[in-house]
1. Looking only at the stretch 451-475, which residues are assigned to a loop (DSSP other than H, G, I, E, B), aromatic (Phe, Trp, Tyr) and open to solvent by less than 10 Å² (accessible area, probe 1.4 Å)?
2. Of all residues being buried (at least 19 other Cβ atoms within 10 Å of the Cβ) and modelled with pLDDT of 95 or more in the stretch 387-399, which is farthest from the ligand (Cβ to nearest atom)? Just the residue, please.
3. Can you name the residue in the stretch 586-627 that is over 27 Å from residue 372 (Cα atoms) and at pLDDT 85 or above and, of all such residues, is least open to solvent (accessible area, probe 1.4 Å)?
4. When you go through 348, 371 one by one, which is the residue that is at pLDDT below 95 and surrounded by 22 or more Cβ atoms within 10 Å (Cβ to Cβ)?
5. Restricting attention to helices (runs of 4 or more DSSP H) lying wholly within the stretch 1-99, give those where 2 or more residues are open to solvent by less than 30 Å² (accessible area, probe 1.4 Å).
6. Out of all the residues in the stretch 375-386, is one or more closer than 20 Å to residue 271 by Cα and more than 14 Å from the ligand (Cβ to nearest atom)?
7. Within the stretch 212-225, take every residue that is farther than 10 Å from residue 104 by Cβ and not hydrophobic (A, V, I, L, M, F, W, C) and give me the one that is most open to solvent (accessible area, probe 1.4 Å).
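The values are calculated or read from the model by the stated rules, or taken from the named source; none is laboratory data. Computed from a predicted structure; not experimentally measured. Note: ideal-geometry Cβ built from the backbone for every residue, glycine included; neighbour counts use all protein chains shown. With ligands, DNA and RNA removed, areas are computed over all heavy atoms of the protein, side chains included. Shrake-Rupley method; radii C 1.70, N 1.55, O 1.52, S 1.80 Å.
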Amino acid sequence: MTTITSYEDYLKEYKKSIDNPEQFWGEQAENFVWKKKWTSILNWDFEKPEIKWFEGGKLNITDNCLDKHLDILAEKTAIKWIANDPKEGSISLSYKKLHTQVCKFSNVLKNNGVVKGDRVCLYMPMVPELAIAVLACARIGAIHSVVFAGFSAKSLADRINDAGCKVLITADGGYRGNKIINLKNIADQAMLDSCSIKKCIVLKRTKQKVVIKKNRDVWWDNEMENVNENCNSESMNSEDPLFILYTSGSTGKPKGIQHSIAGYMVYTHFSFKNVFQYKDGDIYWCTADIGWITGHSYIIYGPLLCGATTIMFEGVPTYPDAGRLWEIVEKHKINIFYTAPTAIRSLEAKGDDFVKKYNLSSLKVLGTVGEPINKDAWEWYYTKVGKENAPIVDTWWQTETGGIMISNLAGVTPMKPTFATLPLPGILPCIMDDQNNEITKNSIEGKLCIKFPWPSMARTIYGDHKRFKETYFSAFKNKYFTGDGCYRDENGFYRITGRVDDVLIVSGHNLGTAEIESAIDQHPNVCETAIVGYPHSIKGNGIYAYVILNSDIKKENKKQLKLELNELVVKEVGPIAKVDKIQFVVGLPKTRSGKIMRRILRKIAEGDTHKLGDTSTLLDPKIIDEIKKNAEYAY
Ligand code: WT7
């Protein structure tokens with residue numbers, strides 16, 4: 001596996017990967033265990049679209065995540081699980097133990113009728129058994145579809161039905177902070193509407209009472225008793241599907257993003273090692289949930305392929321208090337820490353005392369993912385968490401890309417606050433203008449596309465290849481369209497400016513909502529901001545800000561605060577970006593992955609509060625009523 005150790009090295013490897021991608025990725029693929037070597041490295045056609053990597057090869061990804069390590073890393077901790085409740089402590093699973101558990105559960109799946117190619121739905125809390133179930137599916141060639149355990153029964157049923165899942169794996173309940181989620185009850189409701197499920201395997205976690213349906217529901221523990229500890233890994237083709245993962249946030253039918261085995265394996269290993277500069281012995285923690293792509297690629301597959309120790313945390317950042325993450329960093333001597341801007345901002349808002357209480361000197365690398373990180377949050381993360389000693393990798397990627405695409409390499413390539421910076425080897429980004437032409441100059445902004453295939457890219461939308469083509473390969477000929485806006489600075493560094501549907505045209509000027517939000521967020525009284533456009537008779541679009549304050553302020557001071565916020569906007573972005581209306585809110589409508597549902601905010605800003613569309617994927621739908629009620633008090 002190529003390991004990049006200097007900026008010069010990066011430039012050299014990048015050039016190699018672009019001049020001769022097949023040779024580059026062929027060399028990377030040599031580092032894995034194959035049952036049969038590939039016959040061709042890449043075949044592709046973005047018109048169809050059809051992308052095939054390492055065809056002719058046969059392999060099993062779990063041979064590379066587990067069996068491969070048993071010679072020398074058998075006793076090393078593969079997964080260290082940390083319970084929601086600090087009093088419950090943690091559990092370490094060595095590579096050997098994890099291997100045994102995965103083999104046993106593979107046999108359980110087989111005993112319950114799962115065969116190669118079947119889809120298995122996982123609706124589970126963040127417990128080790130979730131990782132075990134994921135890997136067991138991969139071992140027997142079943143396709144896993146993990147559904148985040150915060151989704152409703154309807155969302156779960158939609159996803160089960162779309163993929164035609166045969167088996168559902170769930171738990172009696174799950175802990176999240178001081179809440180218990182009744183997973184089995186929700187799963188029962190979902191199964192009323194999904195007839196494809198033949199068996200439901202239930203893990204005991206919270207020990208609450210659940211209904212067990214005869215001939216359908218079985219207990220995880222009972223199934224694991226007396227089952228054989230050996231299970232040969234199924235021989236899979238490189239391009240066989242590894243998993244389906246539904247993308248969040250959009251309306252209508254969910255999109256089941258489908259990834260293939262070999263390319264995903266090669267790329268998640270390569271990107272994990274190089275972006276985080278993982279070294280043997282490092283303790284690595286990604287705070288995401290396995291229900292999202294970040295958890296798939298950088299809690300399970302990437303780290304295990306590398307033989308790393310990966311932390312799995314069951315709880316939430318604010319339980320029992322806002323110092324929880326830092327308490328874990330200190331206690332488990334975390335070296336590499338990977339989280340989302342939304343978590344950073346919310347912890348920043350709770351004050352520095354929670355961070356100061358703990359010794360964070362083990363931290364060598366910090367990471368961020370999921371949305372543009374604003375300057376203020378970046379600074380706080382860098383100085384208060386990393387003590388200016390740990391580089392921050394700002395990793396841009398998507399469910400569809402499978403792995404990190406644009407990011408600095410920790411301590412190796414330059415970092416620039418709020419910039420994802422440079423593409424990884426093999427990644428050919430380009431920026432398109434409004435006339436659909438590629439812009440080759442620097443210091444420009446446009447729509448971000450990728451010009452050449454990379455190993456971990458999605459291959460299709462499950463059951464809807466037409467939609468796959470329309471969504472990603474039709475806006476620009478022969479290019480993968482990311483849906484993101486992007487700025488490239490004078491040095492060729494990339495800064496993701498947010499979804500292009502978040503762009504506002506105000507008096508003919510292009511403004512990124514993230515830029516304005518970032519400016520307002522700098523005010524000491526502000527916790528978080530969401531900007532949307534609303535129809536404006538003179539400017540085309542007016543700017544509407546929803547602002548969450550750290551602490552409530554008196555009504556008569558709100559006008560003054562608006563002036564102060566606009567001063568910041570003028571200073572950071574320019575007078576054109578001055579906010580027209582500000583509404584102070586107690587919360588924002590967010591999807592469970594932390595993304596703001598701007599579609600809804602736009603409707604409310606427009607004064608159209610009736611047809612808000614599908615709100616079932618929201619974390620807290622009640623927040624909308626609150627916002628609607630107070631819309632008339634916008635300043
Ligand atoms: C969208 C993809 C990738 C795992 C988590 C999200 C935004 C992601 C960054 C970043 C700015 C980012 C983009 C992208 N995004 N990372 N470092 N800087 N924006 O996966 O739910 O598929 O969302 O998240 O807009 O398109 P996802």
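1. The one that is assigned to a loop (DSSP other than H, G, I, E, B), aromatic (Phe, Trp, Tyr) and open to solvent by less than 10 Å² (accessible area, probe 1.4 Å): 454.
2. Once the filter is applied, the top-ranked residue is 390.
3. Out of the qualifying residues, it is 607.
4. Result: 348 is the single residue among 348, 371 that is at pLDDT below 95 and surrounded by 22 or more Cβ atoms within 10 Å (Cβ to Cβ).
5. By residue number, 7-19, 21-29, 61-65.
6. Looking for residues that are closer than 20 Å to residue 271 by Cα and more than 14 Å from the ligand (Cβ to nearest atom), one finds none in the stretch 375-386, hence no.
7. Result: 214.
Table: residues versus (1) closer than 23 Å to residue 594 by Cα; (2) touching a helix residue (DSSP H, G or I) at 6+ places or on another chain (Cβ under 8 Å); (3) surrounded by fewer than 24 Cβ atoms within 10 Å (Cβ to Cβ); (4) not β-branched (Val, Ile, Thr).
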{"residue": "124", "(1), (2), (3), (4)": "yes, yes, no, yes"}
{"residue": "134", "(1), (2), (3), (4)": "no, yes, no, no"}
{"residue": "141", "(1), (2), (3), (4)": "no, no, yes, yes"}
{"residue": "147", "(1), (2), (3), (4)": "yes, yes, no, no"}
{"residue": "159", "(1), (2), (3), (4)": "yes, no, no, yes"}
{"residue": "172", "(1), (2), (3), (4)": "no, yes, yes, yes"}
